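Okay, structure first, notes after.
The values are calculated or read from the model by the stated rules, or taken from the named source; none is laboratory data. The model shown is predicted, which means the values in this text are computed figures rather than measured ones. Cβ: placed from backbone, ideal geometry, glycine included. Neighbour counts: every protein chain shown. We work out accessible area using only protein heavy atoms, side chains counted, and drop any ligands, DNA or RNA first. Shrake-Rupley method; radii C 1.70, N 1.55, O 1.52, S 1.80 Å.
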Amino acid sequence: MSAGQSGAAERPALLVSSCLLGVACNHRGTASPRAVVEALADRFELVGVCPEVEGGLSVPRPPAERQPDGRVVTVDGADVSDAYARGAAVAVGLARRHEVVGAVLKARSPSCGSHEVYDGTFRRTLTAGAGTTAEALRAAGIGVCSEEDVADGHDPSDR
């Protein structure tokens with residue numbers, strides 16, 4: 001074995017919403033840890049990212065929802081679309097740099113939602129769709145699922 005080799009096979013990388021890994025970065029200033037996601041570390045190198053924070057938003061921050069036109073607006077009317085776009089770009093860059101085999105993102109988030117998001121009315125009404133980061137990752141050819149998909153047995157490395 002040459003210097004620098006550990007003898008262990010390298011695990012493929014997986015991009016994961018930081019809040020699912022226990023980082024207090026969601027809009028409430030708390031985490032959303034999920035044991036089923038943390039257990040993925042047995043098979044994957046987990047690369048955490050909070051696109052909202054990477055985009056320049058604070059913790060905590062006002063709740064935000066995607067609007068029907070794709071913009072992201074806070075409950076008090078501020079358009080934070082640019083911050084969400086910056087965060088999505090950082091997530092795509094991390095995914096490429098780490099050559100991830102997939103992503104596990106926080107369900108229903110205006111950034112990370114993979115199947116549905118809140119509809120922009122701030123009435124907790126869900127609609128089919130994806131968050132800005134989930135869309136950007138998919139556009140870059142990276143498969144995206146939620147923590148709920150993982151809990152249901154979905155392999156996050158399946159494209």
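Would you please classify the overall shape of segment 99-156 from the alpha carbon gyration tensor, given that a ≥ b ≥ c denote the square roots of the eigenvalues, rounded means a/c under 1.5, and beyond that prolate means a/b larger than b/c while oblate covers the rest? Walk me through the numbers on the way to the answer.
Values: a/c = 3.02, a/b = 1.53, b/c = 1.98.
Oblate, since a/c reaches 1.5 and b/c is not below a/b.
Arg138 sits with roughly 100 Å² accessible to a 1.4 Å probe, with DNA, RNA and ligands left out of the calculation. Of Phe122, Ser111, Ala134, which is farthest on the positive side of the dipole of segment 110-157, counting Cα position, with +1 on Lys and Arg Cβ, -1 on Asp and Glu Cβ, and the Cα centre as origin? Farthest towards the positive pole: Phe122. In this structure Thr127 has an accessible area near 60 Å², from a 1.4 Å probe over the protein heavy atoms. A Gaussian network model of the chain, with springs between Cα atoms under 10 Å, assigns the largest mean-square fluctuation among Pro110, Pro12, Pro51 to Pro12.
For the chain, a crude dipole built from +1 on the beta carbon of Lys and Arg and -1 on the beta carbon of Asp and Glu, taken about the Cα centre, is about 220 debye to the nearest 20.
Relative contact order for segment 20-98 using alpha-carbon pairs under 8 Å, separation at least 6, rounded to a whole percent?
On the way: 101 pairs, mean separation 20.6, N = 79.
Reported as a whole number, the value is 26 percent.
Computed with a 1.4 Å probe over protein heavy atoms only, the accessible area of Arg43 comes to about 120 Å².
Could you check which residue among Ala103, Ala83, Ala130 shows the biggest mean-square fluctuation in a GNM of the chain with a 10 Å Cα cutoff? For the chain, modelled as a Gaussian network with Cα springs under 10 Å, the answer is Ala83.
Return a whole-number percent for the relative contact order of the chain, with Cα pairs under 8 Å and 6 or more residues apart as the contact set.
On the way: 345 pairs, mean separation 34.5, N = 159.
The normalised contact order for the chain reaches 22 percent.
How large, in percent, is the carbon and sulfur part of the accessible surface of the chain at a probe radius of 1.4 Å? Mind dumping the intermediate values first?
Details: 3940 of 7960 Å².
Here carbon and sulfur together make up 50 percent of the probe-accessible area.
With a ≥ b ≥ c the root eigenvalues of the C-alpha gyration tensor of the chain, is it rounded (a/c under 1.5), prolate (a/b larger than b/c) or oblate? Could you put the intermediate results ahead of the total?
Details: a/c = 1.98, a/b = 1.85, b/c = 1.07.
Verdict is prolate for the chain.
Rounded to the nearest 5, the antiparallel percentage of DSSP beta bridges internal to the chain is 40%.
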